[in-house]
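The values are calculated or read from the model by the stated rules, or taken from the named source; none is laboratory data. As the structure is a prediction and not an experimental result, all values here were calculated from the model. As a convention, Cβ positions derive from the backbone with ideal geometry for all residues, glycine included, and neighbour counts pool all protein chains shown. Quick note on the areas: whole protein, heavy atoms, side chains included, nothing else; ligands and nucleic acids left out. Shrake-Rupley method; radii C 1.70, N 1.55, O 1.52, S 1.80 Å.
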Amino acid sequence: KTCSGRSESRFHLPAAASTLLPVALCILTLLPHTLLGKPAEEDNAGSSALLQRVKRGWVWNQFFVLEEYTGLEPLYIGKLHSDMDKGDGSIKYILTGEGAGTTFTIDDSTGDIHAIQRLDREVKAQYVLRAQARNRLTDRPLEPESEFIVKIQDINDNEPKFLDGPYQASVPEMSKIGTSVIQLTASDADDPTYGNSARVVYSILEGQPYFSVDAKTGVVRVSLADMDRETRENYTVVIQAKDMGGQLGGLAGTTTVNITLSDVNDNPPMFDQRLYQMSVPESVPVGSVVGRIWAKDRDTGVNAEMKYSIIDGDGRDTFDIITDPTNLFGIITVKRPLNFESKPSYTLKVEGANTHLDPAFRHRGPFKDVTIVHVSVEDVDEPPQFDLPSYYIELPEDAEIGTVVKTVSARDPDAANNTVRYSIERSSDPEKYFYIEITSGSLMTVRSLDREQIGWHNITVLAMEMNNPTQIASVSVAVKVLDVNDNPPSLTHYLEAYVCENAKAGQLIQTVTAVDPDEPMGGQHFYYSLAPEAANNPNFTLRDNQDNTAWILTRRGGWSQQDQTVFYLPIFISDGEQPVQTSTSTLTIRVCSCNQEGNVMSCNAEAYSLPASLSRGALIAILACIFVLLVMILLMLSLRTHRKKPYLCDEEENVHENIVRYDDEGGGEEDTEAFDIAAMWNPREAHHHLGKMRQDMLPEIESLSRYVPQVCVMGGGGDSNVHGYVLAKLLEADMDPCAPPYDSLQTYAYEGEGSIAESLSSLQSGTSNTDHEYDYLNDWGPRFKKLAEMYGVLETNIPPTW
């Protein structure tokens, strides 16, 4: 087929392609072209050949190919042929550009073009390629490079898609038919300019009869009137989009739209009870919650918000009603204090109304409701009540002890009217300046008051019911101590001044001021003068400045430290309040040497110097030695005092046994060394024979025989010496007030549990005043024979064995 206006060309298509697209494809053939002039070989041989214009041998047009080819063989697109191609293989066809070599290939000998990859128009709609014919041997271009386009022909291979699904939408309840809910748009990737592949039609698959969809625009609308949110709130709608104009064979896609009916105020509120019963103790404070009520509304959000008010009843002045933070419930609170004795119950008429009304639904009203609330006041044993919430008292500081400051009064508000007793909380009056009469409540002073020490007394008075001490009330009593002029004025700051030796007569040396702890109503007024004894002082004079200050002036000159270094000037000060208080303060004036500017250089007549023989370091050393000596004396006295202390004082009353224990008994010769019996025969010389002692054991306590007075040891035989020694020890223990109140015992073999003698302790011996009988010692056997002999139980004619 020849394309007009262009050079002729030839384009060969396979038979299948020519039967499928007879109209859509423009078949271009590459017709033979006559080349003017000689062949290239002859041109090169003849140098005299004329250069002539070469007529183009081919013209490229667009190629069309269907997408999504699924055949096993490469897709044949077309054939390129040049008139210069004689069929001998001397021409080589070259293909470059987009997809050349990867998507498209060309047979360099025949010029056949094939697609070796699957083509998708939605990925790439066209490819721009360039072709050229070259001499296979010399690679010389036979034709200029030309450009052509391969366009991918669309087929319906993509279904419509809802890119943003699933969708959420809402529409007010009770909406009219046709109310728009949401508009959906489906996207089809196919070519909208070619056929009906991208022509989408919408339909509803699920959600009827409540909603419908516009087939062309995709707008979802309400199709059922008066849909009530309180009946059903959520709906699920399935929308389908189908291409090919909805015809059979078209591709379809679906999406889900979740539609919620939004609330409108179309339901009036209603109390669930027509009568509420509530109770509250009479002792609750103002603002306490009594209870809550609720006018239920089937609507939600702002459409269910309520406002409550008390519109009638005998308790409208005693109670109040507020709306809770959620604006749903009404909270009844106490507005005024309650008193069971005066009024035990109240009735309230409460109204609850919507705060947000919809004019479109006013015909469904009224949007309010009324209920009755009955409040019962419960009786409570209340603490006493003072007649005032607080007391304020002014009292002069010179009030006499016993002055009644104030009489407070409290009563039991209950019907029983119990007696009230008064007291002062001790923590509020720790110094105990005041006392309150327990029955009358009269508050009086018990100590002198001083405003300058404590200007205010904040006392807490307690009132307690006599029959129920747990019911206690308190009240604050503020006592302001009023000022009385009871303090004399005195000079402030320093009571010393100086005068320079070169001072002249009439020179100011000091400005004095006074201070008074009293605080008169009109302010302080001080009057200064020299004391009567210094009225004719020849050295100094005083000038009252009438502004609570005074000047000290010199009366003469010629001051000298050699004549006198210190002057004492008594100043008389009085205040202006009644009763007038006066005082006399002495001002010490020193004579000092000053420089020309009047600055003090020295106020001493002569410098103090230490003797040449005693340096400052030596004086410090002497003082240190004296201090060390005093410390040593005190330490010695302390040690002597501790040494004289008894081992045990009477007041300790620490009664116990002191058992002297030896680990062995009957050790033969060693046993005689462990305890020298000679000490008992001759106590006077016992302390001179301490050299011989047992080496393997020391007694736990020292023997007290050396301390026994010899006057107590009777003369006589050996038996009498021992007997006298024991009696002397007993007498010493009885007479010594600091002697240990326990026995010194020797442990002899068996004693205590398992012994026939049981316990020999004397701890329980003092429970009886009767004389002890020791006849039973004879029954204990030879082990206790010596003990029986000591207590005179054995016959005297039996010779002693020790």
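For the stretch 490-602, what is the accessible area per residue in Å², given a 1.4 Å probe and the full set of protein chains?
Counting only protein heavy atoms, the per-residue value for the stretch 490-602 is 57 Å².
What shape does the stretch 490-602 take by its C-alpha gyration tensor, where a ≥ b ≥ c are the square roots of the eigenvalues and a/c under 1.5 counts as rounded, a/b above b/c as prolate, and the rest as oblate?
Prolate shape, in that a/c is at least 1.5 and a/b is the bigger ratio.
Given LYS343/LYS368; LYS307/LYS343; LYS161/LYS216, which pairs have Cα atoms separated by over 19 Å?
From LYS343/LYS368; LYS307/LYS343; LYS161/LYS216, over 19 Å: LYS343/LYS368; LYS307/LYS343.
Could you order peptides 301-311, 246-256 by the average number of other Cβ atoms within 10 Å of their residues, highest first?
Packing proxy ranking, top to bottom: 301-311, 246-256.
Rounded to the nearest 0.05, what FRET efficiency do THR511 and ARG447 have when you use their Cβ-Cβ distance and R0 = 35 Å?
It comes out at approximately 0.30.
Rounded to the nearest percent, how much of the accessible area of the stretch 385-482 (1.4 Å probe, protein heavy atoms only) is carbon and sulfur?
50
Given a 1.4 angstrom probe, what's the average accessible area per residue across the stretch 62-153, in square angstrom?
Ligands and nucleic acids excluded, the result is 50 Å² per residue.
Write down the accessible area per residue of the stretch 301-379 in Å², having rolled a 1.4 Å probe over the full set of protein chains.
Accessible surface, normalised per residue, equals 51 Å².
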